[in-house]
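Here is the structure we will look at.
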Amino acid sequence: MLLFFNMAVSKNILQQYAKLVNEVNQHNELYHMLDQPKISDYDYDQLFEKLLNFEREHPELDVSSSPTQKTGATILAAFQKYPHRKPMLSLSNSYDEVDLLEFHERVKKFLRSEDDVEYFAELKLDGLSMELVYENGKLVRALTRGDGLIGEDVTHNIFTIKSIPKTIQHKGLLEVRGEVLIFKKDFAEMNVNQIELGLPEFANPRNAAAGAIRQLDSKIAASRPLKFFAYALGEYDGITFESQEHTENVFKDLGFPILDESLICIT
């Protein structure tokens, strides 16, 4: 990656920064493009946070080409590309109570209120983010998150997932966002089969799912126990969504799988 540096920054700072950027970029490529992660998700998050903190501590750095300024993965040239009508952003992580309290304070500040805040809490899924585009009730396109602004058209692979409805009762546009994943028990069975066939084991469920979806041959996706769960909206018309809880109930009524593990938290 080409980095643009401010000449006023010391050589030592630049070297430290370049090392961090290169390390994050290397793990991004292993994770997003090669589906061969070498470190755990937690270790990656810690490395990414280290880079973020370094940039905060040194505002004189030019961060325009930093991986902290990007969302998602590099787009593969083999796939047709389409822009998301609304950006597909990623969630920030938190690891302790302090992070949660700081988030809560930011929410109250945004709402300009000291009243209790009602949160809809649900599980964070570890799979491949997906946007399903329906026009007049028909699934016409499925896009990966890509870089957050432009996604890869993987419709041919999404059509192999039985839990995804190919038609729904809705007129107009509806973009349903969710996660494609493999359950751990199914993943364990996959690796048993790999061993029996004398093939390398898959690294983890997330990469086995992502690796199947980002293939030109849909037979690979069809051969894996892929599941989809809906949880968010892109663009839509002809329908009103009152809350996250209501949104997921609408998804369920339309035939989309949703997570049952959720609750309302009042603080």
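Rule-based calculations on the coordinates, nothing more; no lab input. Predicted model, so just to flag it, every value in this text is computed and none were measured. When we count neighbours, we look across all protein chains shown, and the Cβ atoms used for this are built from the backbone with ideal geometry, even at glycine.
Between ILE239 and HIS156, the C-beta separation translates, for a Förster distance of 22 Å, into a calculated FRET efficiency of about 0.20. In the set (i) 22.1, 75; (ii) 20.5, 61; (iii) 21.0, 86, the label that goes with Rg and Dmax of the Cα atoms in Å computed for this structure is (ii). The calculated FRET efficiency for the pair HIS58 and GLN36, based on their C-beta separation and a Förster distance of 35 Å, comes to about 0.65. Straight-distance candidates among the lysines for linking to LYS86, with alpha-carbon spacing under 19 Å and chain neighbours fewer than 8 residues away dropped: LYS70.
Using the structure shown, select from LYS81/LYS171; LYS50/LYS109; LYS227/LYS252; LYS81/LYS124; LYS185/LYS227 the pairs with a Cα to Cα distance greater than 22 angstrom. Show your work: numbers first, answer last.
Working: LYS81/LYS171 25 Å; LYS50/LYS109 26 Å; LYS227/LYS252 15 Å; LYS81/LYS124 27 Å; LYS185/LYS227 13 Å.
Cα-Cα > 22 Å for LYS81/LYS171; LYS50/LYS109; LYS81/LYS124; rest within.
Checking the a/c ratio against 1.5 first, then a/b against b/c, what shape does the Cα gyration tensor give for region 56-160? It comes out oblate by the Cα gyration axes. Result for the chain in a Gaussian network model with C-alpha springs under 10 Å: among LYS81, LYS171, LYS11, the largest mean-square fluctuation is at LYS11.
Cβ under 9 Å from THR144's Cβ, THR144 left aside: what net charge do those residues give with Lys, Arg +1 and Asp, Glu -1? Each step should come with its number before you reach the end.
Working: positive: ARG145, ARG214; negative: GLU131, GLU152, ASP153.
Here the charged neighbours net out to -1.
The simple spin-label model puts a point 7 Å past each Cα toward its Cβ; for LYS138 and ASN193 those points are separated by 3.2 nm.
Computed over the chain with a Gaussian network model linking Cα atoms closer than 10 Å, the most mobile of MET190, MET130, MET88 is MET190.
Test of understanding: in a Gaussian network model of the chain with alpha carbons linked when under 10 Å, which of GLY151, GLY238, GLY137 would top the mean-square fluctuation ranking? Of the options given, GLY238 has the highest mean-square fluctuation.
About its Cα centre, the chain has a charge dipole of approximately 1060 debye under the convention of +1 per Lys or Arg Cβ and -1 per Asp or Glu Cβ, with nothing else charged. Among LEU132, LEU91, PHE103, which residue has its Cα positioned farthest towards the positive end of the charge dipole of the chain, with +1 placed on the Cβ of Lys and Arg, -1 on the Cβ of Asp and Glu, and the dipole taken about the Cα centre? The listed residue farthest towards the positive side: LEU132. In a DSSP loop and with at most 10 other Cβ atoms within 10 Å, the GluC sites (Glu not before Pro) in region 62-154 are GLU114.
Between SER262 and GLU201, what is 0.36 nm times their sequence separation minus the Cα-Cα distance? Round to one decimal in nm.
Extra length available between SER262 and GLU201 comes to 18.7 nm.
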